[in-house]
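Scroll down for the structure; my scribbles are underneath it.
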There are 2 protein chains.
Amino acid sequence: MKKLAIGIDLGGTNLKGVVLSATGEKIFSARIPTESEKGGQRILGNILRLTEILLDKVGSKDEVLGLGLGTPGFIDQRGIIIGGAENLPGWKGTDVFSPLKKKFGLKITGGNDVTVAALAESKLGAGKGLDNVICFVLGTGIGGGIVVNSSLYQGAMGMAGELGHIVVETGGIDCNCGQKGCVERYASGPGMVQLARNYAITMVQDSSLKKIIIDNSSQITSETIYVFVSKDDPLALKVHHKACEMLGRAVGIIINIFAPDRVVLGGGVMMAGPVITSAVTKYAAGYCFADMFKHCEIVQAELGEESGQLGAALLVFDQFASSQLRL
Amino acid sequence: MKKLAIGIDLGGTNLKGVVLSATGEKIFSARIPTESEKGGQRILGNILRLTEILLDKVGSKDEVLGLGLGTPGFIDQRGIIIGGAENLPGWKGTDVFSPLKKKFGLKITGGNDVTVAALAESKLGAGKGLDNVICFVLGTGIGGGIVVNSSLYQGAMGMAGELGHIVVETGGIDCNCGQKGCVERYASGPGMVQLARNYAITMVQDSSLKKIIIDNSSQITSETIYVFVSKDDPLALKVHHKACEMLGRAVGIIINIFAPDRVVLGGGVMMAGPVITSAVTKYAAGYCFADMFKHCEIVQAELGEESGQLGAALLVFDQFASSQLRL
């Protein structure tokens, strides 16, 4: 019985790989530079090289059930990058699966990097042991991942999970997706920073954060904002509450749709941790049915930067293993 | 190999039953009064009686894989009605599965009536042959059903799919769920009627529908409104466009979340048919990503009142059959 899976996470800087056992144990890991600036074919070459490194560590392919890839953008069932990977020039259009299959004779699968990370959180992290887990990843945008009936749900052409573009304020802030009031405009890192800039102009109260923004004395990020939240700065608190209320609305919609076991909040913004989960929990309660809300805990992600490669490996078990081998 | 499934749909007036083959063919059907006014135990007795009638028609239990029940409200995995069936006094708290198992020795499953109807639409109706189908049922409220990866998704305690309470207008019309601006307040039958009443007061244009409402000369329903839509009545058109825009917003959110193959609109309001699907399609385009929108057709339900019992029977194959037996 094949009991190992290879997972590779394609990041802008590094390719991170892991060999995972069917019981969720990390056996080996490795990383090499992505060299994304050298184009799609170089990225593909590096994926092949990393696979070789990992297979060498395993020793024999006989134990390996398959390889999973997490990539920015959308990858279809044939393994072709069909869009959405704007930060990787030349990556769109690349056929990823064929060369991997040809060279290694392995079963290959893949998904959006955020989506597969959600699978990792649901199997090994904050949603461990639960059937229905929805993840919001709060970073430069807001991505999402949907695990239902214990399997990753990817939708048509792997495009499901655009949770950042749930509209939470009718006629709200313009979003680059063409809508107004998407939750991403409030609760992503740049969304929070923009809220802070907007409020800084009109706020009359004293605020150290306001001073920094108006003096333009240093670059601020969501981390800066949460440093000031911890100091009870009124501008920072105003941003925090607006962002968490908007995110709470989106979480409420998700709870009403999925009646999930858990909603997991991850991504760079979640460095701030419990102050966000507790505020979002408070706000979400007002935007969904009480029975579903009571059943669903809203928690912080646990796996951090490893979630991508772990999720990619788990996708192999999710798609190719008999049910006994699934976590 | 067991190739038949029994499906029973519990309605306020009738219990409707069907014996379905694994290829989706109706073998037998029957209906008896629910006698819901006589309380939960009487309803249960009638379900047992209808099962007996259907099994008699089949002749032998050996061919029957199991029995599925579609019921108003929420039924948990143990088969207990845990809530939401307000129109059936005494039904909440009833243990449905145990007596059925005891009497007939069959595998039993169940789900919310709207939810299982969505399974029928996805397998035998407007979503036939597609993996990911989301249904909105527009009636006195708005219910929903979610079929993903070709299986019905029911969520915790069977509560998933409250699509009627997606908020589509911040600070909009008060909903009895406690939120404001739920899509149900605009695009359900009573929602449309209320919109018409509200607009009738302020509208200055001539309108035959306005006259009927202001004279209070007859009871209006969504059907009345659509009779006047077909006559280009300005009030009716205003209600139609508002309802369809609000529903389009909710459909857009659903498309961004699920990247589904199809969104199916059913329920009594959909008697009006294509005029609604085409308007909702037009509006939804503005509320989701173009690639996902292009992939997803928005269509009218096909199965009508039979969808409940068919879905209940299909749930048996969905849950108990080996994958070969699934449609």
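The values are calculated or read from the model by the stated rules, or taken from the named source; none is laboratory data. Note that the structure is predicted; figures quoted are calculated from it, not measured. Cβ placement follows ideal geometry from the backbone for every residue including glycine, while neighbour counts extend to all protein chains displayed. Note: accessible area is taken over every heavy atom of the protein model, side chains too, but ligands, DNA and RNA are not part of it. Shrake-Rupley method; radii C 1.70, N 1.55, O 1.52, S 1.80 Å.
Helix A:234-258 and the long axis of chain A differ in direction by around 50°, with both axes built from C-alpha atoms.
Based on the Kirkwood radius over alpha-carbon pairs, what is the Stokes-Einstein translational diffusion coefficient of the range A:118-265 at 10 °C with 1.306 mPa s viscosity, in µm²/s? Estimated diffusion coefficient is 97 µm²/s.
Comparing mean-square fluctuations of A:GLY12, A:GLY127, A:GLY70 from a GNM of chain A with C-alpha springs under 10 Å, the top value falls on A:GLY12. Placing a label point 7 Å from the Cα of B:LYS294 along the Cα-to-Cβ direction, the distances to the matching points in the other copies come to 4.7 nm, shortest first.
For the range A:1-142, the Kirkwood hydrodynamic radius from C-alpha pairs, put into Stokes-Einstein at 10 °C and a viscosity of 1.306 mPa s, yields a diffusion coefficient of 102 µm² per second.
Each residue of the range B:137-146 is assigned a 3J(HN,Hα), and the resulting list reads 10, 9, x, 5, x, 10, x, x, x, 10 Hz, derived from the Karplus form 6.51 cos²θ - 1.76 cosθ + 1.60 (θ = phi - 60°), x at Gly and Pro.
Across the range B:1-153, the relative contact order, built from alpha-carbon pairs under 8 Å that are at least six residues apart, equals 18 percent. Scanning chain B for the beta carbon that comes closest to the axis linking it by rotation to A yields B:THR170, 2, distance in whole angstrom. Our compactness index for the range A:177-232, the C-alpha radius of gyration over the empirical 2.2 N^0.38 Å, is 1.17. Shown for B:GLN219: label points 7 Å from Cα along the beta-carbon vector, and their distances to the equivalent points in the other copies, 6.7 nm in ascending order. Structure remark: mean-square fluctuation, Gaussian network model of chain A, C-alpha springs under 10 Å; the largest value among A:ASN46, A:ASN176, A:ASN112 belongs to A:ASN176.
For the range A:1-73, the alpha carbon positions stretch 39, 20, 16 Å along the principal axes, listed from largest to smallest. Residues whose amide H lies under 5 Å from that of B:GLY110, counting only those 5 or more places away or on a different chain, are B:LEU69; hydrogens are built 1.01 Å from N in the peptide plane. Accessible surface ranking for B:VAL275, A:VAL193, 1.4 angstrom probe, highest first: B:VAL275, A:VAL193. Remark: the protein assembly as shown carries 39 Å² of accessible area per residue (probe radius 1.4 Å; ligands, DNA and RNA excluded). Which residue fluctuates most in the GNM of chain B (Cα springs below 10 Å): B:GLY155, B:GLY189, B:GLY248? In this elastic network of chain B, the residue with the biggest mean-square fluctuation among B:GLY155, B:GLY189, B:GLY248 is B:GLY155. Computed from backbone phi, the HN-Hα couplings of the range A:305-313 come to 6, 6, 4, x, 5, 5, x, 4, 5 Hz, rounded to whole numbers (Karplus: 6.51 cos²θ - 1.76 cosθ + 1.60, θ = phi - 60°; Gly and Pro given as x). Net charge of the neighbourhood of A:VAL96, taken over other residues with C-beta under 15 Å away and scored Lys/Arg +1, Asp/Glu -1, is +4.
May I ask for the net charge around A:GLY83, where only other residues with Cβ less than 10 Å from the Cβ of A:GLY83 are counted and Lys, Arg are +1 while Asp, Glu are -1? After counting each charged neighbour, the total is -2. The distance between label points at A:LYS61 and A:GLU302 comes to 3.5 nm (points 7 Å beyond Cα on the Cα→Cβ vector). Heavy-atom accessible area with a 1.4 Å probe sorts A:ASP9, B:ASP95, largest first, into B:ASP95, A:ASP9. Computed about the Cα centre, the dipole magnitude for the range A:177-327 is approximately 500 debye when only Lys and Arg (+1) and Asp and Glu (-1) carry charge, each at its Cβ.
In degrees, nearest 10, range 0 to 90: what is the angle between the Cα axis of helix A:113-124 and the longest Cα principal axis of chain A? Relative to chain A, helix A:113-124 is tipped by roughly 80 degrees. Helix A:40-58 and the longest principal axis of the C-alpha atoms of chain A enclose an angle of approximately 60°. DSSP bridge analysis restricted to the protein assembly as shown gives an antiparallel fraction near 55%, rounded to the nearest 5.
Taking a quarter of the surface of the Cα convex hull of the range A:202-327 gives a mean projected area of 10.2 nm².
At a 1.4 Å probe, which residues in the range B:243-270 are at least 30 Å² less accessible with all protein chains present than in their chain isolated? Flagged in the range B:243-270: B:ILE253, B:ASN256, B:ILE257, B:PHE258, B:ALA259. When the surface is traced with a 1.4 Å probe over the full set of protein chains, B:PHE289 keeps roughly 60 Å² accessible. Across the range B:202-209, rounded Karplus estimates of 3J(HN,Hα) from the backbone phi angles (6.51 cos²θ - 1.76 cosθ + 1.60, θ = phi - 60°) give 9, 5, 9, 5, 5, 7, 5, 5 Hz, Gly and Pro being marked x. Model label sites at B:THR221 and B:ILE82, defined 7 Å from Cα along the beta-carbon direction, differ in position by 3.4 nm.
Pairs of Cα atoms in the range B:122-175 fall into 5 Å distance bins, from 0 up to the last occupied one, in shares of 5, 17, 23, 22, 17, 10, 5, 2 percent. Sorting A:HIS295, A:HIS240 by solvent-accessible area of protein heavy atoms yields A:HIS295, A:HIS240, largest first, with a 1.4 Å probe. Less than 5 angstrom separates the built amide H of B:ILE27 from those of B:VAL19, B:LEU20, B:SER21, all sequence-distant by 5 or more or on a different chain.
Taking only the C-alpha atoms of the range B:255-327, the Rg (one decimal) and the largest Cα-Cα distance, Dmax (whole number), read 15.2, 41 Å. Take the Cα radius of gyration of the protein assembly as shown and divide it by 2.2 N^0.38 Å, N being the number of residues; the result is 1.01.
For the interface of chains A and B, what total accessible area is buried with a 1.4 Å probe, rounded to the nearest 100 Å²?
On the way: alone 14320 and 14330 Å², together 25770 Å².
What A and B bury together is about 2900 Å².
The separation of the range A:265-327 from the range B:210-245, counted between C-alpha centres, amounts to 45 Å. Sorted from nearest, the other copies put their B:LYS128 label points 4.7 nm away, the label point being 7 Å from Cα in the direction of Cβ.
Note on chain A: percent of Cα-Cα distances in each 20 Å bin, starting at 0 and stopping at the bin with the largest distance, equals 32, 53, 14, 0.
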